[in-house]
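Student: Got a structure here, written out as structure tokens. Questions coming.
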Amino acid sequence: MRESPSNSADRQGPLSGVKVVELAGLGPAPFCGMLLADLGAEVLRIDRAGARSAGAAMFDPAKDILQRGRQAVALDLKSADGQAAALRLIGEAEILIEGFRPGVTERLGLGPDACLARNPRLVYGRITGWGQDGPLAPTAGHDINYLGLSGALHSIGRAAGGPVPPLNLVADFGGGAMLLAAGVLAALVRARADGRGQVVDAAMT
């Protein structure tokens with residue numbers, strides 16, 4: 001297990017004591033993990049064995065702010081041992097967040113049914129571009145696709161020119177990760193009240 005930049009063993013903040021497991025990915029899921037860690041949650045990121053974190057493929061890990069504030073462990077989620085280890089960690093968590101395409105965690109044996117069977121109080125937060133079902137669900141996309149199809153991109157830029165892409169601040173982070181964070185925290189309130197976990201499904205579109 002290793003620590004990401006700016007990790008603190010003594011987490012402070014309103015979410016102190018909340019345990020979160022994050023399945024490493026790109027864009028909105030790590031932003032959500034960073035936000036929860038910044039608020040004091042104990043976030044453990046599960047990286048792919050034999051590789052650096054997904055974000056580290058593009059950035060120097062020491063400078064990648066999206067990876068800050070949590071510890072990380074590398075597991076081979078395609079192996080039975082790796083899946084079992086992940087389920088043990090998830091069994092001790094209150095929140096899980098993942099940002100894979102629809103069906104990926106189910107194929108890894110880490111979908112909502114398997115995780116909630118192991119931990120009925122779990123809040124299972126997932127985020128995709130188009131949602132878990134529907135005609136575009138299996139289609140690849142990026143922040144600009146979700147922003148454009150929603151109509152929001154049309155409103156950004158000068159009247160006399162074309163739209164100006166706002167990096168990935170609107171779809172990935174604002175429309176995706178922030179709403180995922182709000183959803184999982186609302187579900188956590190309920191889970192602590194009645195012991196019932198649930199799936200929070202956010203789509204960047």
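Student: Taking 7 Å along the Cα-to-C-beta vector as the label spot, tell me the L149-A62 distance in nanometres, rounded to one decimal.
Tutor: So the label points at L149 and A62 sit 4.1 nm apart.
Student: Another question, if that's okay. Roughly what would the spin-label model give for R196 and A117, points 7 Å off Cα along C-beta, in nm?
Tutor: 2.1 nm
Student: For region 154-205, what D do you get in µm² per second when you plug the Kirkwood radius from alpha-carbon pairs into Stokes-Einstein at 4 °C and 1.567 mPa s?
Tutor: For these conditions, the coefficient is 99 µm²/s.
Student: Note down the accessible area of R192, probe 1.4 Å, to the nearest 10 Å².
Tutor: 130 Å²
Student: Further question on the same structure: If I take every Cα pair under 8 Å that is 6 or more residues apart in the chain, average their sequence separation and divide by the length, what percent do I get for the relative contact order?
Tutor: Taking the mean separation of contacting Cα pairs over the length of the chain, I get 22 percent.
Student: Oh, and also: With an 8 Å Cα cut-off and a minimum separation of 6 or more residues, compute the relative contact order for region 78-159 in percent.
Tutor: Over region 78-159, the number comes to 28 percent.
Student: Take the Cα gyration tensor of the chain, multiply each eigenvalue by 5, square-root it, and list the three semi-axes largest first, rounded to whole angstrom.
Tutor: Semi-axes from the Cα gyration tensor: 28, 19, 18 Å.
Student: Which length gain, in nm to one decimal place, applies between A140 and K19 when the Cα-Cα distance is subtracted from 0.36 nm times their residue separation?
Tutor: Residue separation times 0.36 nm, minus the Cα-Cα distance, leaves 40.5 nm.
Student: Let me ask you something else. Summing -39500 (n - 2.57) over the DSSP H runs of n ≥ 4 in the chain and dividing by its residue number, what mean residue ellipticity at 222 nm do you reach, to the nearest 500 deg cm²/dmol?
Tutor: -8000 deg cm²/dmol
The values are calculated or read from the model by the stated rules, or taken from the named source; none is laboratory data. As the structure is a computational prediction, the values presented were derived from the model and not from experiment. Cβ coordinates were reconstructed from backbone atoms using ideal geometry, including for glycine residues, and neighbour counts include every protein chain displayed. Surface accessibility is based on the protein's heavy atoms, side chains included, excluding ligands, DNA and RNA. Shrake-Rupley method; radii C 1.70, N 1.55, O 1.52, S 1.80 Å.
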